[in-house]
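The values are calculated or read from the model by the stated rules, or taken from the named source; none is laboratory data. Source: prediction; values computed, not measured. Every residue, glycine as well, gets a Cβ built from its backbone with ideal geometry; the counts of neighbours run over all protein chains shown. What goes into the accessible areas is simple: the full protein's heavy atoms, side chains included, and nothing from ligands, DNA or RNA. Shrake-Rupley method; radii C 1.70, N 1.55, O 1.52, S 1.80 Å.
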Amino acid sequence: MKVLVIGSGGREHTIAWKLKKSKKIDKIYCAPGNAGISKIAKCVNIKADNIKSLVDFAQRNKIGLTIVGPEAPLASGIVDEFYKRKLKIFGPTKDAAQLESSKVFSKEFMRKYHIPTAPFTTFKTYAEAVGFCKTAQFPLVIKADGLAAGKGVIIVKSFDEATKALEDIMLNKIFGDAGDKVLIESFMVGQEVSIMAIADGKTIIPLLPSQDHKQAYEGDKGPNTGGMGAYCPTDFVTKEIMTAIHDHVLMPTINGLTQEGISYRGVLYAGLMLTETGPKVLEYNCRFGDPETQAVLPLLKTDLVDLMFASINQNLASAPKLSWKQGSAACIIMASKGYPGKYAKGIQINGLQDFKEDNCFVFHAGTSFKENKIVTSGGRVVGITGIDSNLKDALNRAYRGVSKVRFNGATFRKDIGFRVLQKQKG
Ligand code: GLY
């Protein structure tokens, strides 16, 4: 069977890498892909948001399964277009993807179906939002309603910080139309975890829990990024907590959507805060997380193709239990200097062609070719994943891999997994 992966990041490289292990796959295409993906798949020069060309490509090339990496094409209805042409695609429809594409939709949905989340208020004007902040208790969380590449959530500790964030989002439109509406919600304290789960509209099967590191600098300081590193599994999520997440978050989400006339098929990602009063939803994503995928999929033994078809064909309930490698995986993101702000592109990367480190994998994100050399082409450049019997050794492997990949201005966090390592030290 031929498959098509849509996207060009580390997540898509990891998905293609995992698909490559399936005996059911003869050929992998990726649109548009990156330098690393081109080693295992045929990269096709179609952008992830060019839905018409992607559907035409899939039909012309008899693609048996398409997998959508990023959120934007899902929010624009790529799955609906594939369905119209009777093409198999793994991911939620446009209606279902509103859980990620509109934070107002998702919070109102959670309120309606009693899914635990922080209290919130929605604002359509800057004046009303600022008025609310005048008498509010800080810290607060301000969220742009629409998609903002993981950067639309701002934690504010004072009225001045709140005014600045609201000005940026609602008046200066730094996230464009995504800032037409904002949510202001209470700040939750606890451990943050990412649960990615495969759903078929009736059943939902969680993958192993992982933890992302969203801030740019060590100690979770600095601006939010798309994610600077992740590890899997996280021991904060006990069996009991996992059951609570399944029963109080994942199933009510799928069932609530069904009541709204929406059958959710694809990956449902719940970003959760483990609070003293139980797990609460910070946000939903309608796709695999990045960089969580780079830490989770390398541990999955089950064939991803089987899992994706079980989601599409709505028979997850009878799918075999997921099978996992023992141990831990950790992914360290190497980013361009200046990310998540402005950064240069086209910088030569050394150490990739002859990269060899046992149980260590380089997943390309912002890379491309220039005169036969691999160069940087994005903010997050590569993710390096190490696997070992425990987190500390997995991290050591990943950091050894990081030391072998070099480009001018490369930055990375040296403290991925620090919460667990600190706890282990006591
Ligand atoms: N790592 C967060 C995300 O994928 O949105």
Using a probe of 1.4 angstrom, how much of the accessible area of the chain is carbon and sulfur, in percent? 51
So with the 1.4 Å probe, I'd like the accessible area per residue for the range 240-358, rounded to whole Å². 41
Using protein chains only and a probe of 1.4 angstrom, how many square angstrom of Lys94 are accessible, to the nearest 10? 100
Per-residue ³J(HN,Hα) for the range 127-139, Karplus 6.51 cos²θ - 1.76 cosθ + 1.60, θ = phi - 60°, Hz, x for Gly and Pro: 4, 5, 5, 5, x, 4, 5, 4, 10, 7, 8, 9, x
Scan around Trp324 for amide H atoms under 5 Å from its own, H built in the peptide plane at 1.01 Å from N, and keep only partners 5 or more places away or cross-chain. Lys301
Taking every DSSP beta bridge with both residues inside the chain, roughly what % is antiparallel (nearest 5)? 80
So for each of 207-218, 178-189, 282-293 I average, over its residues, the number of other beta carbons within 10 Å; can you give me the resulting order with the highest mean first? 282-293, 207-218, 178-189
Can you give the accessible area per residue of the range 14-60, in Å², using a 1.4 Å probe? 50
Residue by residue through the range 39-53, what is 3J(HN,Hα) from phi via Karplus (6.51 cos²θ - 1.76 cosθ + 1.60, θ = phi - 60°)? Round to whole Hz and write x for glycine and proline. 7, 10, 9, 8, 7, 10, 7, 10, 6, 5, 9, 8, 4, 4, 5
Heads up, I need the accessible area for Asp26: 1.4 angstrom probe, whole protein in place, Å², nearest 10. 130
Out of Val305, Thr225, Met242, whose Cα points farthest toward the positive end of the dipole of the range 205-357 (charges: +1 Lys, Arg; -1 Asp, Glu; placed on Cβ)? Thr225
Two decimals is fine: what is log10 I(q)/I(0) at q = 0.14, 0.19 Å⁻¹ for the range 100-201, from a Debye sum with one equal scatterer on every Cα and no solvent? -0.54, -0.96
3J(HN,Hα) from dihedral phi, the range 254-260, Karplus parametrisation 6.51/-1.76/1.60, rounded to Hz, x for glycine, proline: 4, 5, x, 4, 4, 5, 7
Using a Debye calculation, one point per C-alpha and no hydration shell, please list log10 I(q)/I(0) for the chain at q = 0.12 Å⁻¹ in order. -0.99
Farthest towards the positive end of the dipole of the chain, among Gln326, Val104, Leu421 and with Cβ unit charges of +1 on Lys and Arg and -1 on Asp and Glu, lies the Cα of Gln326
With the charge dipole of the chain built from beta-carbon charges (+1 for Lys and Arg, -1 for Asp and Glu) about the Cα centre, the Cα from Gly190, Cys133, Thr14 projecting farthest to the positive end belongs to Thr14
Taking Lys and Arg as +1 and Asp and Glu as -1, residues besides Gln353 with C-beta under 15 Å from its C-beta add up to +3
Provide the net charge surrounding Lys425, with neighbours chosen by a C-beta distance below 12 Å and charges set as Lys +1, Arg +1, Asp -1, Glu -1. +3
How do Thr125, Thr385 stack up against each other in accessible area, from largest to smallest, with a 1.4 angstrom probe? Thr125, Thr385
Let me spell out the model: positive unit charges on the Cβ of Lys and Arg, negative unit charges on the Cβ of Asp and Glu, origin at the Cα centre of the range 147-303. What dipole size does that give, in debye rounded to 20? 240
Relative contact order as a percentage, the chain, C-alpha pairs under 8 Å and 6+ apart, gives 16
Shape call for the range 1-150, from the Cα gyration tensor axes a ≥ b ≥ c (a/c under 1.5 means rounded, otherwise prolate when a/b beats b/c, else oblate), comes out prolate
Once you have a ≥ b ≥ c as the square roots of the Cα gyration tensor eigenvalues for the range 29-103, tell me rounded if a/c is under 1.5, and otherwise prolate or oblate according to whether a/b is larger than b/c. oblate
Ordered by packing density, taken as the mean number of other Cβ atoms within 10 Å over each peptide's residues, highest first, how do 226-232, 131-137, 242-248 rank? 226-232, 242-248, 131-137
Just reorder Phe57, Phe418 by solvent-accessible area, largest first, 1.4 Å probe, all chains present. Phe418, Phe57
Using amide H atoms built in the peptide plane, which far-off residues or other-chain residues are under 5 Å from Leu282 H to H? Gly271, Leu272, Met273
Amide H to amide H under 5 Å from Phe90: which residues, 5+ apart in sequence or cross-chain, H placed 1.01 Å off N in plane? Thr66, Ile67, Val68
Per the helix-only model, the chain has a calculated mean residue ellipticity at 222 nm (DSSP H runs of ≥4, -39500 (n - 2.57) each, divided over all residues, rounded to the nearest 500) of -8000 deg cm²/dmol
Mind putting a number on the dipole of the chain about its Cα centre? Charges go on the C-beta only, +1 for Lys and Arg and -1 for Asp and Glu, and I need it in Debye to the nearest 20. 1360
